[in-house]
Amino acid sequence: CESMLEIHRSGKDFHKMVASNVTKIPYDDVPKPVRYKFKKVNWTLIYGGSAHTLTHLDGFPIDEAKDIVDAYFKQFPEVPEYLEKCVEFAEDHNYIESPFGRREHLYYINDNYQQKLQRADRRAAVNMPVQSSSSDLVMCGGIILNNELRKRGFRAKIVNTVHDSIVIDLPKSELREVALLTKYCMENVVKLAPKYFPGLDFSWFNCPLHVDVESGTHYGAQKEYKFDDEDLKKFRLPSGTGIDK
């Protein structure tokens, strides 16, 4: 969806930008509650929801929900096309496939007698390619990062993943260097992938990745880590980086 890609390429907050475009509130003036409201809109509509879903699950008045849906699909016309193509593919093949080739079999996608299960499979058909490829990107980034941490002799260790986040335990003395390394590896996973994963196809991925880093004494108590702009400009991995044989 070119309109979505333009927002991501601009570096602006996606949910805030959508809220601004739909409500006509200037971007810098969008309040947090409105941003949060349109975060719900984004997740609901991208994964096959409707105006009625916004009303029943998210509490929008039905007239407002219909106006939001019309404005949203006008701004992102490829979204309903994507939803339709995913369901059609699943109906034809009885499974859906992620860009990395993972498959989820959808046994009830054509079962008109068990409509509740059929609706669940239809939702899975549009959800799985996005969620699965997102998870695989995080895993690929984690593999690259873990290898680079070991190569550099850091004591830092990856201890967990939480959805689209990676949790690292480390001595405070390593924070600056590990934060820079983490941000670089995760944001450049597609560029680094050919040296790490020569058998995987990343040619389909053309959306810029942005990584936020938080630090704290334990999970749930972190604060945003502020990067030095000069550090970010200078930081690069050596040209020969890759998995050690």
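Of all residues in the stretch 1-21, exactly one satisfies the criterion of being over 23 Å from Trp204 (Cβ atoms), more than 14 Å from the chain's Cα centre (by Cα) and assigned to a loop (DSSP other than H, G, I, E, B), namely Lys12.
Residues of the stretch 188-211 that are modelled with pLDDT of 90 or more, open to solvent by 100 Å² or more (accessible area, probe 1.4 Å) and either touching a strand residue (DSSP E or B) at 6+ places or on another chain (Cβ under 6 Å) or not in a helix (DSSP H, G or I) (or both): Pro198 alone.
Quick check on the stretch 23-33. Is at least one of its residues open to solvent by less than 40 Å² (accessible area, probe 1.4 Å), at pLDDT 90 or above, in a helix (DSSP H, G or I) and not aromatic (Phe, Trp, Tyr)?
For the stretch 23-33, residues open to solvent by less than 40 Å² (accessible area, probe 1.4 Å), at pLDDT 90 or above, in a helix (DSSP H, G or I) and not aromatic (Phe, Trp, Tyr): absent.
Phe89 passes every criterion in (1) under 30 Å from Asn21 (Cα atoms); (2) touching a residue at least 24 places away in the same chain (Cβ under 8 Å) apart from (1).
Of all residues in the stretch 137-166, those that are farther than 25 Å from Ser203 by Cα have Cβ atoms under 7 Å from Cβ atoms of residues that are open to solvent by less than 80 Å² (accessible area, probe 1.4 Å) and polar (S, T, N, Q), 6 or more apart or on another chain, in Ile158/Asn146.
Of the residues making up the stretch 163-181, not a single one is open to solvent by less than 60 Å² (accessible area, probe 1.4 Å) and within 21 Å of Ser10 (Cα to Cα).
The residues listed here are Glu88, Glu104; of these, the one that is modelled with pLDDT of 95 or more and surrounded by 16 or more Cβ atoms within 10 Å (Cβ to Cβ) is Glu104. Select from the stretch 56-77 the residues that are surrounded by 14 or more Cβ atoms within 10 Å (Cβ to Cβ) and either out of contact with any helix residue (DSSP H, G or I) (no Cβ under 8 Å at 6 or more places or on another chain) or not polar (S, T, N, Q) (or both) and list them in ascending order. If the condition is that a residue be surrounded by 14 or more Cβ atoms within 10 Å (Cβ to Cβ) and either out of contact with any helix residue (DSSP H, G or I) (no Cβ under 8 Å at 6 or more places or on another chain) or not polar (S, T, N, Q) (or both), then Asp58, Phe60, Ala65, Lys66, Asp67, Ile68, Val69, Ala71, Tyr72, Phe73, Phe76 are the ones that fit.
The values are calculated or read from the model by the stated rules, or taken from the named source; none is laboratory data. This one's a predicted model, so the numbers in the text were calculated from it and none came from an experiment. Neighbour counts run over all protein chains shown; Cβ positions are idealised from the backbone, glycine included. All accessible areas refer to the heavy atoms of the entire protein, side chains included, with ligands and DNA or RNA removed. Shrake-Rupley method; radii C 1.70, N 1.55, O 1.52, S 1.80 Å.
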